[in-house]
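Everything on this sheet refers to the single structure shown next.
The values are calculated or read from the model by the stated rules, or taken from the named source; none is laboratory data. Treat the numbers as computed from the prediction; the structure is a model and nothing was measured. FYI the Cβ positions are ideal-geometry reconstructions off the backbone, even for glycines, and counts take in every protein chain you see. Side chains included, ligands, DNA and RNA excluded: accessible areas come from the protein's heavy atoms. Shrake-Rupley method; radii C 1.70, N 1.55, O 1.52, S 1.80 Å.
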Amino acid sequence: QVQLVESGGGLVQLGGSLTLSCTTSGSIVSFDAMGWYRQAPGKQRELVASMTRSGFRRNALSVKDRFTISRDNAKKTVYLQMNSLKHEDTAVYYCNGKMYAIDYWGQGTQVTVSS
């Protein structure tokens, strides 16, 4: 069974940085794409950043130059480096993996940006 486990969330000061990790139960290259989504209270879940198997990356406009998605195939881990964090980045962040048109999700990790 495919499992995705996030870690690295927490409380961070405005303008600070945080790195999220998502470790998979299987090989990352088994996924057609992996990405990070987030959901703030009262809002819909939105795509933050994604990376295809071939390495093509895409960021949401709201985080364009502040967040970076990367992966370590040997560690079966996908990362989200978040810099210059803003209050509006506060949300639960979810790791997502797409395989054969099926979405797999982690349990989510809370990121809170404080003043």
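For the chain, which span is the longest to avoid every loop-located (per DSSP) member of chymotrypsin sites (Phe, Trp or Tyr not before Pro) having at most 13 other Cβ atoms inside 10 Å?
After excluding every exposed loop site, the longest remaining stretch is 1-55.
I'm a student and want to see the number: the projected area of the Cα convex hull of the range 26-90, averaged over all directions, in nm².
Averaged projected hull area, Cα only: 4.9 nm².
Please give the direction-averaged projected area of the C-alpha convex hull for the range 52-115, in square nanometres with one decimal.
Details: hull surface 21.3 nm².
Quarter of the Cα hull surface area: 5.3 nm².
Calculate what fraction, in whole %, of the accessible area of the chain sits on carbon and sulfur atoms when a 1.4 Å probe is rolled over the protein chains.
Percent of accessible area from carbon and sulfur atoms in the chain: 51.
What whole-number value in Å² describes the accessible area per residue of the range 25-75 for a 1.4 Å probe?
On the way: 3050 Å² over 51 residues.
For the range 25-75, the solvent-accessible area averages 60 Å² per residue.
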